[in-house]
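Asks: The structure under discussion is supplied below as structure tokens; questions concerning it will follow.
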Amino acid sequence: MSTYTKKQVADLVKGDLDWDTVHLMLSMPKDNDRYKLYMEVLNENVDYDDKVILALGPRLNVVERKADQEIVVMCDCGHDFGDYRKNWKLNALIYVRDSEEKMEQIYPAIMAPDTNWQVYREYYCPSCGIQHDVEAPTPWYPVMHDIQPDLKTFFEWLEMPAPAKI
């Protein structure tokens with residue numbers, strides 16, 4: 001039996017859950033049904049029929065495509081970034097703040113980082129334009145691959161059936 005209702009999980013995802021309940025969710029042991037409820041809520045809130053199996057961040061998910069059971073990274077709008085084992089950022093729109101002028105759009109001049117030592121890379125969905133990530137590396141550092149989930153182990157840990165093509 002779940003400790004929380006589907007409505008509470010949906011309110012958590014929307015950012016509308018009261019602080020006391022959020023605090024309890026964070027501090028108490030996780031029940032087995034919460035992940036299932038979370039996936040149900042995410043699947044109800046996307047613009048496609050493919051199955052969300054793991055959230056990578058707000059509006060960015062690992063998805064099992066219905067047509068071919070391939071596992072891909074997908075934006076909530078339905079934009080497919082490709083195989084989940086590859087770096088989705090390489091298929092995103094990238095805006096690099098690499099000059100004083102670009103940094104001053106977000107920082108006062110005296111507080112902005114020195115662009116010889118640090119730039120900001122912003123990653124956007126090519127279809128809907130939502131920003132999915134920001135990195136702050138040195139200018140010469142390659143695009144970071146933040147996560148490559150071990151889905152087989154993850155689903156074993158959850159004691160749930162894994163998608164066929166992992």
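The values are calculated or read from the model by the stated rules, or taken from the named source; none is laboratory data. A quick note: this is a predicted structure, and the numbers were derived from the prediction, not measured. With ideal geometry, Cβ positions are generated from the backbone for all residues, glycine too; neighbour counts draw on all protein chains shown.
Asks: Tell me, please, whether a residue that is within 16 Å of the chain's Cα centre (by Cα) and either in the same structural domain as GLU64 (by TED's automatic domain parsing) or without any contact (Cβ under 8 Å) to a residue 40 or more places away in the chain (or both) can be found in segment 113-123. Outline the logic, then answer.
Replies: Step one: list which residues in segment 113-123 are within 16 Å of the chain's Cα centre (by Cα), which gives 122-123.
Filter again for either in the same structural domain as GLU64 (by TED's automatic domain parsing) or without any contact (Cβ under 8 Å) to a residue 40 or more places away in the chain (or both), leaving 122-123.
Yes.
Asks: Within 28 Å of LEU12 (Cα to Cα), over 14 Å from the mean Cα position of the chain (by Cα) and of a type in the set (S, T, N, Q): is that true of SER127 in this structure? Before the answer, list the steps.
Replies: Values: within 28 Å of LEU12 (Cα to Cα): yes; over 14 Å from the mean Cα position of the chain (by Cα): yes; of a type in the set (S, T, N, Q): yes.
Yes; evaluated as a whole, the condition is true for this residue.
Asks: Hey, can you tell me all the residues within segment 101-123 that are closer than 18 Å to PRO137 by Cβ and surrounded by fewer than 13 Cβ atoms within 10 Å (Cβ to Cβ)?
Replies: Those that are closer than 18 Å to PRO137 by Cβ and surrounded by fewer than 13 Cβ atoms within 10 Å (Cβ to Cβ): ILE106, ASP114, ASN116, TRP117.
Asks: With the structure loaded, tell me whether TYR84 is farther than 20 Å from MET39 by Cβ, within 20 Å of the chain's Cα centre (by Cα), surrounded by 14 or more Cβ atoms within 10 Å (Cβ to Cβ) and among the hydroxyl-bearing types (Ser, Thr, Tyr) or whether it fails that test. Spell out the reasoning first.
Replies: Numbers: farther than 20 Å from MET39 by Cβ: no; within 20 Å of the chain's Cα centre (by Cα): yes; surrounded by 14 or more Cβ atoms within 10 Å (Cβ to Cβ): yes; among the hydroxyl-bearing types (Ser, Thr, Tyr): yes.
Answer is no for this residue.
Asks: Within segment 52-71, restricting attention to residues that are buried (at least 18 other Cβ atoms within 10 Å of the Cβ) and of a type outside the set (Val, Ile, Thr), which residue is farthest from LYS165 (Cα to Cα)? Talk me through it step by step, then tell me what you get.
Replies: Keep residues of segment 52-71 that are buried (at least 18 other Cβ atoms within 10 Å of the Cβ), which gives 52-54, 56, 59-64, 71.
Of the ones still in play, those that are also of a type outside the set (Val, Ile, Thr) are 54, 56, 59-61, 64.
Details: LEU54: 15, LEU56: 19, ARG59: 23, LEU60: 20, ASN61: 16, GLU64: 9 Å.
Filtering first and then ranking leaves ARG59.
Asks: Residues in segment 5-34 that are within 19 Å of ALA162 (Cβ to Cβ) and surrounded by fewer than 16 Cβ atoms within 10 Å (Cβ to Cβ): how many?
Replies: Residues flagged as within 19 Å of ALA162 (Cβ to Cβ) and surrounded by fewer than 16 Cβ atoms within 10 Å (Cβ to Cβ) within segment 5-34 amount to 2.
Asks: Then there's this: Name the pairs: first residue in segment 78-89 and under 14 Å from ILE166 (Cα atoms), second residue assigned to a loop (DSSP other than H, G, I, E, B), Cβ to Cβ under 8 Å, at least 6 apart or on different chains?
Replies: Listed pairs, sorted by first residue: ASP83/GLU70; TYR84/GLN148; TYR84/PRO149; ARG85/GLN148.
Asks: Quick check: anything in segment 149-158 in contact with a Lys or Arg (Cβ under 8 Å, 6 or more places away or on another chain) and either loosely packed, with under 14 Cβ neighbours inside 10 Å or farther than 24 Å from VAL52 by Cα (or both)?
Replies: no
Asks: Here are GLU70, GLU44, GLU100: which of them is farther than 30 Å from VAL9 by Cα, out of contact with any strand residue (DSSP E or B) (no Cβ under 6 Å at 6 or more places or on another chain) and among the charged types (D, E, K, R)?
Replies: GLU100
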